[in-house]
Amino acid sequence: MFFDRAKIHVEAGKGGNGIVAFLREKFMPLGGPAGGNGGGGGDVYLVADPSINTLQHFRRKVHFRAERGGHGGGTKKAGATGEDLLIAVPVGTIARIAETDTVLADLVGDGQQAMVARGGRGGRGNAAFKSGRNRAPRLAENGEAGEERWLELELKIVADAGIVGVPNAGKSTLLSVISKATPKIADYAFTTIVPNLGVADVNHVQIVFADIPGLLEGAHDGVGLGLEFLRHVERSRVLVHLLDGASPDPAGDFEVINQEMMLFNPNLAKRPQLVVLNKIDLPQAREMLPRLQEELADADNPVIAISAVTGENVQQLLYDVKSLLDGLPAPIATEEAEALPTLSPAEDERSFQVTRLDDDLWRVEGVAIERVAQMTNWDYYESGLRFQRILSAMGISKSLRELGVEDGDTVQIGAVELVWGFENALGE
């Protein structure tokens, strides 16, 4: 079974906590604040691995978590940074955020990496809060939670040449002849139900061929698993359009397959094609070749005849494919492929929104304030005072008062629930 789709859950490492500590050494009984910062959590990366060709291994493991950062220590010792997690995927994998369908990564080069979840920042220890007004702060931050999300993975085979055509045109036989691939071959339609890859050596240059399972009319609407197969054509730089010499109408087959590819993705119509009539060893195929060349003369595609079984003209096919590839621009560079949406929020992190959920229940939403609430260590009185100052500085306290918040109301900020107006809470 060929698995070219998967859904996984990734979670970056949480940052380590900062601590409250004071220097207590000989001759320094009243040393200053010495609580160290926590280490940052590990990031999660997808890495394109050429030794993998399906997403099957994600059936057995779905959840992936990077290492968390170490907690800070005394004498200003910083916690260790969490180790990044590298997840190997096949070359040609596209990763999308499941909820929004946003593309995070499109890995088309060997060894290419893309970050899909960012580790949380380490919390600051009390040494970081020392100031002229507060020389002995008793507050520290918790580590920030790492990003977590569900990802939809989709594999689109990356090949130099994609072999397309109707079922039983001889695509698998051709692949087995020009490479060391061993696809299933039999004299009936739909022998191939998964894409196969093979590498051919042409004048000391390796060319990757992909055998795309046979397409039918209506493939762009999913007929015959057409959608599952057509997307693998998109990554082929040139197409080898194999026609069945035993078909009563090879020219009609050519038009049908081309139309299906164009309806699926109009850009495929611009892809260079080499039209190949297979099974030229059959008398009827050899007889129809001149008529076929005449019928396809307006298609602006070269037409050659081969026999994958006897090997006739197969070497010429390889030379022609190499010639087409040589005339194309260089494949997309890894640096260009990485120009995708970043993980950083597009909106202003300091923006916020206040919503009244009930008579005495309010919710404050915003990237920055939710992060501060999550990282605040509520065990320390000074941490609560600092949070109040942040609410005032961001304008959140003013906004709540203008909207009618009253003493005793509950205010939700992320996963934190606080009471307005009481000591140690949100009131000023």
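The values are calculated or read from the model by the stated rules, or taken from the named source; none is laboratory data. All figures in this text were calculated on a predicted structure; none of them were measured in a lab. Here Cβ is always computed from backbone atoms with ideal geometry, including for glycine, and neighbour counts include all displayed protein chains. All accessible areas refer to the heavy atoms of the entire protein, side chains included, with ligands and DNA or RNA removed. Shrake-Rupley method; radii C 1.70, N 1.55, O 1.52, S 1.80 Å.
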Exercise for review: Check L385 against each of (1) farther than 27 Å from G16 by Cβ; (2) modelled with pLDDT under 95 and name the one condition it does not meet.
Suggested key: (1)
Revision key, fill the gap. Taking segment 136-156 and keeping only residues that are surrounded by 24 or more Cβ atoms within 10 Å (Cβ to Cβ) and under 16 Å from A210 (Cβ atoms), one is left with L155
Exercise for review: Count, please, the residues in segment 193-227 that happen to be surrounded by fewer than 23 Cβ atoms within 10 Å (Cβ to Cβ) and at pLDDT below 60.
Suggested key: 13
Practice item. Being open to solvent by 10 Å² or more (accessible area, probe 1.4 Å) and either polar (S, T, N, Q) or more than 25 Å from I207 (Cβ to Cβ) (or both) is the filter here, so list the residues in segment 228-252 that pass it. Key: A246, S247, P248, D249, A251, G252
Exercise for review: Report yes if R237 is assigned to a helix (DSSP H, G or I) and either in contact with a Lys or Arg (Cβ under 8 Å, 6 or more places away or on another chain) or not aliphatic (A, V, I, L, M) (or both), otherwise no.
Suggested key: no
Exercise for review: For segment 84-106, state whether one or more residues are more than 14 Å from the chain's Cα centre (by Cα), farther than 22 Å from R231 by Cα and touching a residue at least 40 places away in the same chain (Cβ under 8 Å).
Suggested key: yes
**Study point:** Qualifying residue in segment 249-258 (condition: at pLDDT 60 or above, part of a loop (DSSP other than H, G, I, E, B) and under 28 Å from K322 (Cα atoms))
**Key:** no
Check your understanding: Out of all the residues in segment 33-44, is one or more charged (D, E, K, R), out of contact with any Asp or Glu (no Cβ under 9 Å at 6 or more places or on another chain) and either open to solvent by less than 30 Å² (accessible area, probe 1.4 Å) or within 30 Å of Q113 (Cβ to Cβ) (or both)?
Key -> no
Review point. Within the bounds of segment 16-32, is there any residue that is under 19 Å from the mean Cα position of the chain (by Cα), part of a loop (DSSP other than H, G, I, E, B) and modelled with pLDDT of 95 or more?
Key: no
Review point. Which of the residues belonging to segment 95-119 are over 20 Å from A12 (Cβ atoms) and crowded, with 18+ Cβ neighbours inside 10 Å?
Key: D106, V108, G109
Revision key, fill the gap. Of the conditions (1) farther than 30 Å from R124 by Cα; (2) among the hydrophobic types (A, V, I, L, M, F, W, C); (3) modelled with pLDDT of 95 or more, the single one that A48 does not satisfy is (3)
